[in-house]
Amino acid sequence: MAEQEKKFIIEIFRKKDPEELTAALAEPTGKLDIGSAAALSGAESCALALRGARIAAQQTEMNDRLDYILRNLEKLRSYLVYLIDEDVKGRNIMKRAIKEGDPQKIDAARQPAAAISDEVICQMMNVVDLVEELIVFAPKESAVYLADAVELALSTFRCARNYAVSLADGSSDETYSFVVRRENEIRMETLRPKAEKIFAWAQEKL
């Protein structure tokens, strides 16, 4: 009797409930890592911003910009949930390289491993931009959700940035390491005044 072929099972983390997902993240030998956590946190930031936008839609006359913000926040929320599993895929390349023990392959794998963290950073900047536009016509009932969405977006940004920088710092390519670090410093410099503007607006409303 022929031996049965082993089934190859792909674990889909974005389909798991919060208990399973956080338990998987807490496991040191598990597939999830900081990039996955940042994607999840980013999705939560989008969800809070979307809640604030929907409250605005209930209390404000609908217009093209509000419709645009609503649609894009929902797309970002869904996309960031999707990125949880994409982070696992990206880091698998580096895991294989480390297992093989080839320094050149490990170096080459750093960028794919950090790619999703970088994408999360970019999307957090988009969230802050959308919230900044939203506060022009958002009511006071939206304020706490929008402020907390931005606070979580900044925290997510830092989490993803630190992880990407740590991967780049291990590279033999000093230029790559410098660019990753400096690029994210500039991004944060761009983001900070927008966040402070939103926090100030929320403080006036609350």
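Just so it is clear, none of the values below were taken in a lab; they were calculated from the coordinates. Note that the coordinates shown come from a computational prediction; the quantities given were computed from them, not determined experimentally. Note: ideal-geometry Cβ built from the backbone for every residue, glycine included; neighbour counts use all protein chains shown.
Side notes on the structure shown:
- What you get for the chain, charging only the Cβ of Lys and Arg (+1) and of Asp and Glu (-1), is a dipole of about 120 debye around the Cα centre.
- Report note on the peptides 161-168, 111-118, 25-32: ranked by the mean count of other C-beta atoms within 10 Å, highest first, their order is 111-118, 161-168, 25-32.
- Cross-link pairs beyond the 27 Å C-alpha cut-off, checked among Lys15/Lys197; Lys15/Lys75; Lys15/Lys140; Lys16/Lys75; Lys15/Lys105; Lys31/Lys105: Lys15/Lys197; Lys15/Lys140; Lys15/Lys105
- Gaussian network model of the chain, Cα within-10 Å springs - most flexible of Arg14, Arg158, Arg96: Arg96
- Estimated [θ] at 222 nm from DSSP helical runs (n ≥ 4, -39500 (n - 2.57)) normalised by residues in the chain, nearest 500: -28500 deg cm²/dmol
- Going from the fewest other Cβ atoms within 10 Å to the most, the residues Glu20, Glu86 appear in the order Glu20, Glu86.
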